[in-house]
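Below is one structure, written out as structure tokens, with a few remarks after it.
The values are calculated or read from the model by the stated rules, or taken from the named source; none is laboratory data. Quick caveat, the model's predicted, so the values are computed rather than measured. Virtual Cβ from ideal backbone geometry, glycine too; neighbours counted across all protein chains shown. The area values use the complete protein model at the heavy-atom level, side chains included, leaving out ligands, DNA and RNA. Shrake-Rupley method; radii C 1.70, N 1.55, O 1.52, S 1.80 Å.
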Amino acid sequence: MQSPPNVAMFSTQAYDKQSFASHALYADIKVTSFDTPLTAKTVSLCEGFNTVCAFVNDKLDADILQQLYASGVRHVAMRCAGYNNVDIDYATKLGMAVSRVPAYSPEAVAEHALALIMTLNRKTHKAYNRVRDGNFDLNGLLGFTLHDKTVGVVGTGHIGAALVRLLSGFGCRILCFDPYPNDELKALGAEYTDLTTLFSTSHIISLHCPLNEESHHLINEQSLASMRDGVMLINTSRGGLIDSRAVINALKTHKLGYLGLDVYEMESELFFRDHSGEIIQDDVFERLATFHNVLITGHQGFFTIEALSQIAEVTLENMIGFNSGFAKPFANQATPASRFLVLPSLADT
Ligand code: NAI
């Protein structure tokens, strides 16, 4: 049994405060919110806390974990599913617990991926502006019928599987690549294949695998060259899956016909903040944003009422669970196994 959770929450937005504070478990936890991200410059703020609550662009490399440990932090509670920004090996070495929210609303992200596909295809964002301007010209708004098109889904975990279920309703042919095929998706008619076939055959490719050493720059000059001309690429997973410069070249040569991004390699410098009064210094991002067939959203795939509520609930349960030695089982999951990436106290039992 550890001392009660005393939490430093980083990258906190008004909606985080609201969703956490509206949950009953919040009353049992002391939370201090910082709107700043966790970085080498801000890690000293953690002095005196035993828990850190972090988000997708907070930095949790070996140096920062070491400093957190020295300050007394014993649990990093990620309020997201992905954990590519945490040095898990180092946390394990330190014996520092790391938890996450494995599947708060896979449908929320899958629906956002579908929204990117539909918007890029039927150009509703342009139609909206045209009609408001009194311009009813259809030239430049031509789309394609999604029915019967081949969609490649890379990674069929929680989110990829939710997208496959949605796409099957559209009558698409669905090709999947994942080291662990899902029989439920096969029963829906999805076909598992190798990555080369998926890349060369699909009209639309949507990325849903985690970012790690193996998947870094999965989309690069070579893989782009193997795709169909005019392919649509969607990334709602992590920015580092795509080599942004290679993608810019592919857009310039028309190899890529459409690009939908909810994530971007260098997003930690930009996303989740208002830069509208500044000059953005990232020339790669600015070049990407100039293409008429590129649609970028600022990491909002998770951003639904239901997902925020689930994130708050599971994160708070993780904090209390860890600090009480899991005296009470979780409300919506029997064991901590899928939530805790590193759990020193249980590993010892
Ligand atoms: P998950 O862990 O349920 O599924 C990931 C799947 O990818 C697994 O089935 C795994 O076997 C597979 N996989 C691993 N390496 C692969 C590779 N090299 N190629 C193909 N498949 C591979 O994860 P979940 O919940 O579906 O999330 C997927 C990603 O979505 C997360 O890693 C996270 O980065 C991102 N995400 C984005 C959000 C947003 O707001 N845009 C919100 C939540 C997650």
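Observations on the structure shown:
- Placing unit charges on the Cβ atoms of the charged side chains and taking the dipole of segment 106-296 about its Cα centre, the candidate lying farthest along the positive direction among 270, 233, 160 is 233.
- A dipole drawn for the chain from +1 and -1 charges on Cβ atoms has a positive end, and of 293, 217, 3 the residue lying farthest that way is 293.
- Charge dipole magnitude, Cβ of K and R +1, D and E -1 - the chain, Cα centre, debye nearest 20: 580 debye
- Residues whose amide H comes within less than 5 Å of that of residue 256, counting only those at least five positions distant or on another chain, are 230, 251 (H built at 1.01 Å from N in the peptide plane).
- Calculated accessible area for the chain comes out at 48 Å² per residue, all protein chains present (probe 1.4 Å; ligands, DNA, RNA ignored).
- Most mobile listed residue (14, 289, 110) in the chain, GNM with C-alpha springs under 10 Å: 14
- Cβ-based charge dipole, the chain, positive-most Cα from 134, 97, 33: 134
- Sites matching GluC sites (Glu not before Pro) across segment 176-268 that sit in DSSP coil, with at most 13 neighbouring C-beta atoms within 10 Å: 213, 214
- A Förster radius of 56 Å combined with the Cβ-Cβ distance from residue 131 to residue 193 puts the calculated FRET efficiency at roughly 0.85.
- Accessible carbon and sulfur surface of the chain relative to its total accessible area, %, 1.4 Å: 53 percent
- In plain terms, the chain from residue 280 to residue 62 could stretch by 75.5 nm, reckoned as 0.36 nm per residue minus the Cα-Cα distance.
- Helix-only [θ]222 nm of the chain, DSSP H runs n ≥ 4, -39500 (n - 2.57) each, per residue, nearest 500: -10000 deg cm²/dmol
- Using only side-chain charges placed at the Cβ, +1 for Lys and Arg and -1 for Asp and Glu, the dipole size of segment 199-270 relative to its Cα centre rounds to 320 debye.
- Added length on full extension, which subtracts the Cα-Cα distance from 0.36 nm per residue, residue 287 to residue 88: 68.2 nm
- Each 10 Å bin from 0 upward holds the following percent of the Cα-Cα pairs of the chain: 5, 23, 31, 24, 13, 3, 0.
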